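Below: the structure, in structure tokens.
The values are calculated or read from the model by the stated rules, or taken from the named source; none is laboratory data. Quick caveat, the model's predicted, so the values are computed rather than measured. Neighbour counts are summed over all protein chains in view; Cβ atoms, including those assigned to glycine, are modelled from backbone coordinates with ideal geometry.
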Amino acid sequence: MMRTIPDMDTVALAVTDGMLHFELSLAYEVFGTGLTGVDRWYTLTVCGPGAVRAGRFLLEPDHGLDRLPRADTVIVPGWADVDVEPPADLVDAVRAAHEAGARVASLCTGAFVLAAAGLLDGRRATTHWAHTGDLAARYPQVEVDPDVLYVDDGSVLTSAGKAAAMDLCLHLVRLDHGSSVANALARRLVVPPHRDGGQAQFVTAPVPAPDNHPLAELFPWVIERLDQPLTVEDLARQARMSARHLSRHFRSVTGTSPLQWLLTQRIRHAQELLETTDDSVEAVAAATGMGTATTLRRHFARTVGVPPDTYRRTFRSREDARRRADPGRA
């Protein structure tokens, strides 16, 4: 049985020769560096069979792979050569960790390690879009989804490549610490605070630099006005372009439509308010531009998976559990 969320304090990176250094470094930065104002962060360990090489970097693990089952969360970075079977000792250790109750997540082609361990059998999973066909062909028991950024299947999570690996790591932080902490971490890392896992991972048009795309000034303008009943025409007017051109730019920059992006921002803002205030659901609905509590409940449950009231109780119970476990926690 997977450990409960309040206990998710230890994270282990499962490494061996041939790991992709980008995904490995990304996970180390997210889970290994504390965040100002958060008293209780993760304890990160690196577990491997000995000195391992990731690209041109030589890494000395803290512990052997036999330490993985002690971790609450095990992260498997990208596997460089997907044409070669991952080492049996790594596969066995990852399987043992999951059987011991660890939450196991793969970044990019690390999904091949999870699949070799049998953790993806009968599950929906993803990996880098260039390798989804290989994963599906080699492991037909896996339901491979090539069109998403990441998949959360409870005790097993998989992500697409590179930037999507960051999305999954932030998703894990959001599950463990809430949206406010995840957003603060994203600001420190200078990355978008949330991209929904179901968003398309491959956008055909190149994404412009963050401060140089046509919607750079529009995004903060919208965020400051989430309590207002904004329409696509309102956004197009502010961006000084037609609604058709706006939709095209949104698809290019975010991979989704203006209305879906706007709904996502409203839901994330609602999560923060439910976590950090005692405002009624009606007040949260008004503050997020949902209009009525009924509308908020419908969209929130469909997007997050639970109603707003349940989300608030669950988050508060997690916080209470952390405080009981650490009486000195503010």
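A few remarks follow.
- Flag if residue 72 is in contact with a Phe, Trp or Tyr (Cβ under 9 Å, 6 or more places away or on another chain) and among the charged types (D, E, K, R): yes
- Only one entry in 297, 268, 302 is touching a Pro at 6+ places or on another chain (Cβ under 6 Å), under 21 Å from residue 229 (Cβ atoms) and assigned to a helix (DSSP H, G or I), namely 297.
- Within region 55-79, residues that are more than 12 Å from residue 90 (Cα to Cα) reach partners that are assigned to a strand (DSSP E or B) and of a type in the set (Lys, Arg) with beta carbons closer than 7 Å, at six or more positions or on different chains, in the pairs 72/103; 73/103.
- Flag for residue 18 being modelled with pLDDT under 90, assigned by TED's automatic domain parsing to the domain that holds residue 184, under 16 Å from residue 170 (Cα atoms) and out of contact with any Gly (no Cβ under 8 Å at 6 or more places or on another chain): no
- Filtered by the rule that a residue be of a type in the set (Ser, Thr, Tyr), in contact (Cβ under 8 Å) with a residue 40 or more places away in the chain and over 18 Å from residue 52 (Cβ atoms), region 86-128 gives a lone residue, 126.
- Any hit, region 229-252, residues being assigned to a helix (DSSP H, G or I), of a type in the set (S, T, N, Q) and at pLDDT below 90: yes
- Test: residue in region 278-285 that is under 15 Å from residue 230 (Cα atoms) and either surrounded by fewer than 17 Cβ atoms within 10 Å (Cβ to Cβ) or at pLDDT 90 or above (or both): yes
- Selection of first residues in region 8-20 that are in contact (Cβ under 8 Å) with a residue 12 or more places away in the chain and within 25 Å of residue 40 (Cα to Cα) and of second residues that are acidic (Asp, Glu) and not in a strand (DSSP E or B), restricted to Cβ pairs under 8 Å at least 6 apart or on distinct chains, gives the following pairs, ordered by first then second residue: 8/72; 8/176; 9/72; 10/72; 11/72.
- Looking across region 139-162, the residues that are without any contact (Cβ under 8 Å) to a residue 24 or more places away in the chain and either more than 23 Å from residue 305 (Cα to Cα) or of a type in the set (Asp, Glu) (or both) come down to 140, 141, 143, 145.
- Residues (in a helix (DSSP H, G or I) and surrounded by fewer than 17 Cβ atoms within 10 Å (Cβ to Cβ)) located in region 253-264: 259, 260
- The C-beta contact set for region 268-280 (first residue on the phi < 0 side of the Ramachandran plot, second residue among the polar types (S, T, N, Q) and part of a loop (DSSP other than H, G, I, E, B), distance under 6 angstrom, 6+ apart or interchain) comprises 269/288; 270/288.
- The listed residues are 105, 12, and the only one of them that is in contact with a Cys (Cβ under 7 Å, 6 or more places away or on another chain), modelled with pLDDT of 95 or more and surrounded by 15 or more Cβ atoms within 10 Å (Cβ to Cβ) turns out to be 12.
- Of all residues in region 23-47, those that are of a type in the set (A, V, I, L, M, F, W, C) and either more than 16 Å from residue 105 (Cβ to Cβ) or not in a helix (DSSP H, G or I) (or both) total 6.
- If only residues of region 305-330 that are touching a Phe, Trp or Tyr at 6+ places or on another chain (Cβ under 8 Å) and in a helix (DSSP H, G or I) are counted, the one that is modelled with the highest pLDDT is 308.
- Region 62-113: number of residues that are closer than 24 Å to residue 144 by Cβ, in contact with a helix residue (DSSP H, G or I) (Cβ under 7 Å, 6 or more places away or on another chain) and either hydrophobic (A, V, I, L, M, F, W, C) or not assigned by TED's automatic domain parsing to the domain that holds residue 22 (or both): 18
Every residue, every condition in (1) out of contact with any helix residue (DSSP H, G or I) (no Cβ under 9 Å at 6 or more places or on another chain); (2) polar (S, T, N, Q), yes or no:
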{"site": "122", "(1), (2)": "yes, no"}
{"site": "126", "(1), (2)": "no, yes"}
{"site": "137", "(1), (2)": "yes, no"}
{"site": "144", "(1), (2)": "no, no"}
{"site": "147", "(1), (2)": "no, no"}
{"site": "150", "(1), (2)": "no, no"}
{"site": "156", "(1), (2)": "no, no"}
{"site": "169", "(1), (2)": "no, no"}
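- Against the test of being more than 24 Å from the chain's Cα centre (by Cα) and not aromatic (Phe, Trp, Tyr), the options 263, 235, 273, 259 yield a single qualifying residue, 235.
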